[in-house]
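Asker: First the structure, then my questions, so here it is.
The values are calculated or read from the model by the stated rules, or taken from the named source; none is laboratory data. Source: prediction; values computed, not measured. When we count neighbours, we look across all protein chains shown, and the Cβ atoms used for this are built from the backbone with ideal geometry, even at glycine.
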Amino acid sequence: MYSYCKKTPCPAFVAALWALFALPLLAAEEEETVTLEAIVVTAPPMRTPLRVEFDPRAPQQPLPANDGASLLKTLPGMNVIRKGGTDGDPVFRGMAASRLNILLDGEQILGGCGGRMDPPTAYIFPDSYDRVTLLKGPQSVLYGPASAGSVLFQRTPTYFAEPDWRVNSALTAASFDRHDEFLDVKGGTPLGYVQGILTHSRSGDYKDGDGKSVHSRYERTSATAILGWTPDKDTRLEFSAVRSDAEAAYADRGMDGSKFQRENYGLKFEKAQISDVLDKIEASVYYNYIDHVMDNYSLRQPPTTGMMAGPIASNPDRETTGGRLAFSFLPADSLQWIVGADQQGNVHRGRSGGRSGMSNYYRDQKRVDNLRFNAYGLFSELTWQVNPDDRFIAGLRSDRWQAKDKRQAFSLITMGMTMNYANLTANQTRKETLNSGFIRYERDFSANSVFYAGLGHSERAPDFWELMKEAAGLNNAANFSVFDRINPEKTTQLDVGLTWQSGDWQGFVSTFYSKVDDYILIENGYRKQTVMMMPRTATIARNVDATTWGGEAGVDYRFSPNWKGGASLAYVHGRNDTDDHALGQMPPLEGRLMLDWDNGKWSAGALLRLVARQNRYALNQGNIVGQDLGKTAGFGVFSLNGGYRWNKNTRVTFGVDNLLDKTYAEAISKGGADVSGYEQTTRINEPGRTFWLKAQFALE
C-alpha cells in the first residue's frame with residue numbers, strides 16, 4: 001500500500017528558491033563585511049559551489065556530536081537514520097550508505113556488521129579531525145564513484161619551523177549520563193613531529209519526550225599515534241596507527257554491538273612545489289581491520305522463546321587495504337590538472353555461536369569467508385580558468401571492480417524450520433567496468449558570488465550489503481542470491497546553484513535533478529516460496545529506475561555587529577519510475593530558523609527546526625539501512641545555546657536541545673524492536689529535553 005501527497009512541480013520549486021534568495025542580492029549594496037565565526041554551529045553554509053566545509057571541533061546544536069553521523073546532521077540536506085544512541089547512518093538528499101562516500105583522512109573504512117551496526121561514521125570522534133568537507137553530487141572524480149556526494153574527514157598536517165608543541169582538549173557533559181573526553185597533543189621540530197590523540201565517549205539510555213527510556217547506551221574509546229618526517233616545509237612522510245573499541249545498544253533489532261574493535265595503519269607521502277609544471281605528488285597506503293561482535297546477552301536479557309531464544313552471538317570481521325597516488329600539474333597559468341590512481345580491496349568473514357561456557361561458543365568456531373572485493377580506479381580532473389570570472393571544471397574516472405562469492409551454502413528459516421541450500425554462485429567471480437565523469441561551469445559575478453551549473457554521471461557497483469540480499473521473483477530458495485542478478489547503479493545528475501555575499505547578506509541555493517538507472521532497491525516482506533511450497537517472506541534486492549530532485553538553500557543576515565539571523569531549507573522528492581510510486585526513505589521538507597548574538601566574549605543563540613509531515617512513502621521499501629514504515633507527522637523542535645570565551649584558546653558552551661520536551665521520530669528512523677524492559681514504538685523516538693555543556697582548552 002502506498003500513499004501520496006500533492007505533487008509539487010520541480011520547476012516551480014526551483015523558481016521559488018531562486019526568487020526567495022535572490023532578492024537580498026539585488027537589494028543590498030556591495031561591500032565587505034567582517035563577521036565573527038559562530039561559536040555554536042547550527043547549519044554550516046555553502047560558501048563555494050557544491051562544497052560545504054566546517055570545523056568539527058566547533059560546538060554544535062543539536063548536542064555536540066559523539067560520532068560522524070551526528071556531526072553531519074547539522075548540514076542542510078543531511079539526515080540520520082537512527083538505530084539507538086550512536087552509529088546512525090548519514091543520508092544526503094535521500095541517499096545513504098555506499099551512495100555517499102565517507103573518507104577518514106583519505107582512507108575508506110568499511111564496517112564489519114552485516115546489519116550496518118557500524119557504518120564508517122561510527123569510527124569517527126569528530127574532535128579528532130581538523131576539518132570536514134561535503135562535496136555534493138557526482139561533481140568530483142578524485143575520491144571514487146560518488147552518486148550522492150563525498151564527505152572528507154581530514155587532519156591538517158603541521159610543519160614546525162622551530163621547536164614547538166600544542167595541546168587541544170575538550171570535555172562534554174550532557175543529560176542521560178553522557179560524558180566525552182578528548183585530548184590531542186602535538187609537538188615537533190623542523191625535521192618532524194609526533195602527535196597523540198585520545199578519545200572517550202559514554203552515555204546511558206536516553207529518554208524521549210514522554211519520559212520513556214530508549215535502549216541506546218554506548219561507550220567508545222580510541223587512541224591515535226602519528227609520526228611525521230619533514231625534511232623541508234614542502235615534504236612530508238607520515239605514519240599513523242589507530243586502535244579503538246566500543247559497545248552500543250540498539251533499539252531497532254534483537255542484538256546489540258558488544259565489540260567494535262578497530263586496528264588501522266596508514267602511510268602518507270606528500271611533496272609540493274616540485275617544479276613549474278609538476279606542483280604536487282601525493283601517495284598513501286593503508287590497512288584497516290575490524291573485529292565486531294553482536295549478541296543478545298551482553299547489553300540486554302536474551303529472550304526465552306522464539307527463534308532467537310537463549311544467548312546467541314555473531315562475530316563478523318572485515319579486512320580492508322587500499323592506496324592512492326595522485327599528481328597535480330600546472331601546465332599553464334590558467335590550467336590545473338590532477339591525475340592519479342587508487343585501489344581498494346576487502347574481505348568479509350563471519351562466524352556465530354553461543355556465549356562463553358556453551359558447547360558452541362562462537363570464538364571456538366572457524367571463520368568462513370562471505371565475499372571478497374577488489375577495485376582499481378584511474379581518474380583525471382582538469383580546472384580551466386578561461387578568464388578572471390569564468391572557469392570550467394571537468395573530470396573522468398574509470399574503475400575496474402570485481403567481487404568473488406565465497407558462500408558455499410545458505411541457511412533459511414521457513415515456518416520455524418531451518419533449511420540449508422547450496423549456493424549456486426559459490427566461488428563465482430563477477431567483474432564490472434564503471435565509468436564516471438562530469439563537467440561544470442562556474443561564473444564569478446562579484447568578489448564573493450558564484451553561479452554554477454554542472455552535469456555529472458556516476459556508476460556504482462552493488463556493495464556487500466546489497467549482494468547479501470535475496471533475488472526477487474525466484475521461488476526456489478537454492479537460487480536466492482542476487483550475486484549475478486543485480487546491475488550496477490547509474491546516476492546522471494544536473495546541479496545548478498549560486499553562492500553569494502553582498503553587504504550584510506550571505507546565502508546559497510543548490511538545486512539538482514537526477515535520473516538513476518538500475519537503482520538498487522531493498523524491499524522487506526517480499527513474498528516467496530521454498531522448494532517445499534511453504535510460504536516465506538524475504539528481504540530482496542532488485543533494480544528499478546528512479547528520479548530524484550530537490551535542493552538546499554540558506555540565507556544569513558547580520559542585523560548589527562552583534563546580531564545575526566539565518567534560515568535554511570532542504571527538500572528532496574524521489575520517485576520509483578518502474579513501480580510508478582514514491583521512492584522509499586526520502587526525508588520530508590525541512591527548514592531551520594536561527595538567531596545568534598555574540599559580543600566577542602558572550603554568545604547566545606536559538607534554533608527552531610521545522611519538519612513537514614511525510615505522506616509520500618513506499619511501505620517496506622528503501623535501502624540497505626532502512627525501509628519505509630508509513631506516513632509520519634510533522635514536528636517542530638526549539639533549542640537554545642550560549643557560550644563564553646575567556647580567550648581564543650579557552651571557551652565554554654552550553655545549551656538545551658528540544659526545550660519543550662517534544663516526543664517525535666524522524667521519518668527515516670528505523671522501526672522499534674521488542675527489547676525486554678523497554679516499551680516498543682513504531683519508530684525509534686528522538687531524545688527528549690537534553691542539557692549539555694562543552695569546555696574546550698588549548699595550549700600553543
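Asker: Among the numbered criteria (1) modelled with pLDDT under 95; (2) surrounded by 14 or more Cβ atoms within 10 Å (Cβ to Cβ); (3) out of contact with any Phe, Trp or Tyr (no Cβ under 7 Å at 6 or more places or on another chain); (4) of a type outside the set (Asp, Glu), which one does Gln344 miss?
Answerer: Here Gln344 clears every test but (1).
Asker: How many residues, within region 48-72, are more than 21 Å from Ser603 (Cβ to Cβ) and not hydrophobic (A, V, I, L, M, F, W, C)?
Answerer: So the count comes out to 8.
Asker: Another question, then. For the structure I just gave you, tell me whether Ile290 is of a type in the set (Val, Ile, Thr) and closer than 22 Å to Phe125 by Cα.
Answerer: For Ile290, the condition - of a type in the set (Val, Ile, Thr) and closer than 22 Å to Phe125 by Cα - is met.
Asker: So, in region 292-319, how many residues would count as being buried (at least 22 other Cβ atoms within 10 Å of the Cβ) and either under 26 Å from the mean Cα position of the chain (by Cα) or charged (D, E, K, R) (or both)?
Answerer: Count: 6.
Asker: Could you tell me whether any residue of region 647-661 is under 26 Å from Phe92 (Cα atoms) and part of a loop (DSSP other than H, G, I, E, B)?
Answerer: Yes, some residue in region 647-661 is under 26 Å from Phe92 (Cα atoms) and part of a loop (DSSP other than H, G, I, E, B).
Asker: Here is a further query. Limited to region 214-234, what total is found for residues that are out of contact with any helix residue (DSSP H, G or I) (no Cβ under 9 Å at 6 or more places or on another chain), crowded, with 17+ Cβ neighbours inside 10 Å and part of a strand (DSSP E or B)?
Answerer: 3
Asker: Within region 42-56, identify whether any single residue is under 30 Å from Asn658 (Cβ atoms), of a type in the set (Lys, Arg) and modelled with pLDDT of 90 or more, and answer yes or no.
Answerer: No, because not a single residue in region 42-56 is under 30 Å from Asn658 (Cβ atoms), of a type in the set (Lys, Arg) and modelled with pLDDT of 90 or more.
Asker: For the list (1) under 28 Å from Leu110 (Cβ atoms); (2) without any contact (Cβ under 8 Å) to a residue 40 or more places away in the chain, I need the number of the one condition that Arg527 fails.
Answerer: Going through (1) under 28 Å from Leu110 (Cβ atoms); (2) without any contact (Cβ under 8 Å) to a residue 40 or more places away in the chain one by one, Arg527 breaks only (1).
Asker: Being of a type outside the set (Phe, Trp, Tyr), at pLDDT 90 or above, assigned to a strand (DSSP E or B) and buried (at least 17 other Cβ atoms within 10 Å of the Cβ), is that true of even one residue in region 359-370?
Answerer: Yes, region 359-370 contains a residue that is of a type outside the set (Phe, Trp, Tyr), at pLDDT 90 or above, assigned to a strand (DSSP E or B) and buried (at least 17 other Cβ atoms within 10 Å of the Cβ).
Asker: What's the total number of residues in region 662-686 that are touching a strand residue (DSSP E or B) at 6+ places or on another chain (Cβ under 7 Å), of a type outside the set (A, V, I, L, M) and assigned to a loop (DSSP other than H, G, I, E, B)?
Answerer: Residues meeting the conditions: 8.
Asker: Also: Please work out which residue is nearest to Leu325 (Cα to Cα), limiting yourself to region 371-406 and to residues that are part of a strand (DSSP E or B) and without any contact (Cβ under 8 Å) to a residue 40 or more places away in the chain.
Answerer: Only one residue fits best here, namely Leu378.
Asker: For region 603-628, how many residues meet the condition of being touching a Gly at 6+ places or on another chain (Cβ under 7 Å) and surrounded by fewer than 21 Cβ atoms within 10 Å (Cβ to Cβ)?
Answerer: 7
Asker: Return the residue satisfying two criteria in turn: it lies in region 606-630 and is of a type outside the set (A, V, I, L, M, F, W, C) and part of a strand (DSSP E or B), and of such residues it is farthest from Gly77 (Cα to Cα).
Answerer: For region 606-630, the residue satisfying everything is Gln621.
Asker: While we're looking at this one, here's another question. Looking at the structure I just gave you, is Gln696 without any contact (Cβ under 8 Å) to a residue 12 or more places away in the chain and either loosely packed, with under 15 Cβ neighbours inside 10 Å or within 27 Å of Asp180 (Cα to Cα) (or both)?
Answerer: Criteria not met by Gln696.
Asker: Considering region 166-212 alone, what residues qualify as being assigned to a strand (DSSP E or B), under 24 Å from Val675 (Cβ atoms) and of a type in the set (Ser, Thr, Tyr)?
Answerer: Matches in region 166-212: Ser201, Ser203.
Asker: Those residues that are among the basic types (Lys, Arg) and either under 30 Å from Asn435 (Cα atoms) or in contact (Cβ under 8 Å) with a residue 24 or more places away in the chain (or both), I need them from region 355-370; list them, please.
Answerer: Hits for region 355-370 are Arg355, Arg363, Arg367.
Yes or no, residue by residue, for (1) at pLDDT 95 or above; (2) of a type outside the set (S, T, N, Q); (3) crowded, with 16+ Cβ neighbours inside 10 Å; (4) in a strand (DSSP E or B):
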site: Ile413; (1), (2), (3), (4): no, yes, no, yes
site: Tyr421; (1), (2), (3), (4): no, yes, yes, yes
site: Thr425; (1), (2), (3), (4): no, no, yes, no
site: Glu432; (1), (2), (3), (4): yes, yes, yes, yes
site: Gly437; (1), (2), (3), (4): yes, yes, yes, yes
site: Arg440; (1), (2), (3), (4): yes, yes, yes, yes
site: Tyr452; (1), (2), (3), (4): yes, yes, yes, yes
site: Leu455; (1), (2), (3), (4): yes, yes, yes, yes
site: Pro462; (1), (2), (3), (4): yes, yes, yes, no
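Asker: On to the next question. Pull out all pairs, ordered by first then second residue, where Cβ-Cβ is under 7 Å, the residues are six or more apart or on different chains, the first lies in region 59-70 and is within 18 Å of Gln154 (Cβ to Cβ), and the second is of a type in the set (Gly, Ala, Ser) and crowded, with 24+ Cβ neighbours inside 10 Å.
Answerer: These pairs meet every condition: Asp67/Ala122; Ala69/Gly88.
Asker: Oh, and also: Residue check: is Asp556 under 24 Å from Tyr644 (Cα atoms), modelled with pLDDT of 95 or more and among the acidic types (Asp, Glu)?
Answerer: For Asp556, the condition - under 24 Å from Tyr644 (Cα atoms), modelled with pLDDT of 95 or more and among the acidic types (Asp, Glu) - is met.
Asker: While we're on this one: If Gly600 passes every condition in (1) surrounded by fewer than 17 Cβ atoms within 10 Å (Cβ to Cβ); (2) in contact with a helix residue (DSSP H, G or I) (Cβ under 9 Å, 6 or more places away or on another chain); (3) not polar (S, T, N, Q) but one, which one does it miss?
Answerer: (2)
Asker: Is there a residue being among the basic types (Lys, Arg), crowded, with 18+ Cβ neighbours inside 10 Å and within 30 Å of Ser639 (Cα to Cα) anywhere in region 179-191?
Answerer: No, because not a single residue in region 179-191 is among the basic types (Lys, Arg), crowded, with 18+ Cβ neighbours inside 10 Å and within 30 Å of Ser639 (Cα to Cα).
Asker: If the requirement is being under 28 Å from Phe464 (Cβ atoms), assigned to a strand (DSSP E or B) and either at pLDDT below 95 or touching a Lys or Arg at 6+ places or on another chain (Cβ under 9 Å) (or both), which of these qualifies: Gly643, Gly574, Gly636?
Answerer: After ruling out the rest, the residue left standing is Gly574.
Asker: List every residue pair whose Cβ atoms sit under 6 Å apart, with the two residues 6 or more apart in sequence or on different chains, where the first one lies in region 333-354 and is touching a residue at least 40 places away in the same chain (Cβ under 8 Å) and small (Gly, Ala, Ser) and the second, anywhere, is surrounded by fewer than 16 Cβ atoms within 10 Å (Cβ to Cβ) and not in a strand (DSSP E or B).
Answerer: Here the result reads Gly353/Asn360; Gly353/Gln365; Gly354/Asn360, each pair linking region 333-354 to a residue that is surrounded by fewer than 16 Cβ atoms within 10 Å (Cβ to Cβ) and not in a strand (DSSP E or B).
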